[in-house]
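Report on the structure given below.
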Amino acid sequence: MRKPKLGRYEIADRDIEDELLILRATLPHIEVDVTLRDPRDAPVVAAAVSGRPDAIVTGDADLLDDESLRSWLIERGIEVLTPAEFVQRRFD
């Protein structure tokens, strides 16, 4: 919530903490047992593993260029695609 784009919503830290405490019991626990180039990507990877999409569509080089992560995700049926790759596949 500290991202500049989200700052415009002016949500207090305490409100975020309260909401997360309420949701915590309902959220799945996902082990991301692969080393990530950028540890800040862990929530994205965990959400993908939990939600089981066909792909993560991103322009983030840490996700796109990390071959060990991509292999780990492929084992779970999840590809990592650029937006252009995703669009190309949709219209092929």
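For this structure, a couple of remarks:
- Other-chain or far-sequence residues with amide H under 5 Å of I56's (modelled H): E79, V80, L81
- Low-density loop positions, GluC sites (Glu not before Pro), region 1-66 - DSSP coil, at most 10 other Cβ in 10 Å: E10, E31
- The region of the chain that goes longest without hitting one of the trypsin sites (Lys or Arg not before Pro) in a DSSP loop, each with at most 15 other Cβ atoms within 10 Å, is 38-75.
- Three-way shape call for region 33-92 based on the alpha-carbon gyration tensor, with the a/c threshold at 1.5: prolate
- In region 49-92, the chymotrypsin sites (Phe, Trp or Tyr not before Pro) that fall in loop regions by DSSP, at most 16 other Cβ within 10 Å: F91
A short reminder: the numbers here are calculations on the coordinates, not readings from a lab. Predicted model, so just to flag it, every value in this text is computed and none were measured. For neighbour counting, all protein chains shown are included, and Cβ atoms are generated from backbone atoms with ideal geometry for every residue, glycine included.
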